[in-house]
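Since the structure comes first, as structure tokens, the remarks are kept for the end.
Every number in this text was worked out from the coordinates using simple rules, so none of it is lab data. Note that the structure is predicted; figures quoted are calculated from it, not measured.
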Amino acid sequence: MEKRTSARLDFRAKAYIRWNNHDIEGQVENVSVDGAFVSAATKMHINDMVALTINDTPTVGINAKVVRLTSTGMGLRFEKTLHF
């Protein structure tokens with residue numbers, strides 16, 4: 001069952017995730033106004049809060065919650081809707 005309320009856009013960019021006083025590099029795979037899927041070597045846990053910065057965009061330190069985990073990455077839901 002699809003839980004998304006916003007369309008996803010394929011979008012590739014370097015991501016920087018701040019989590020538990022650690023800086024983690026990753027790759028944004030897709031993004032919407034209320035979330036993103038990010039691949040990263042470090043795995044968080046469901047409901048962990050992170051701060052996401054997407055390289056070469058105005059998205060700097062946006063607060064997000066880990067809402068989905070896969071073998072390749074994680075789904076993040078932004079605390080506030082992005083406005084493009």
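Structure notes:
- Kirkwood hydrodynamic radius of the stretch 9-78, from inverse mean 1/r over distinct Cα pairs, in Å: 11.5 Å
- The slack between residue 46 and residue 8, meaning 0.36 nm per residue of separation minus the straight C-alpha distance, is 11.6 nm.
- The chain, relative contact order [Cα under 8 Å, separation at least 6], %: 26 percent
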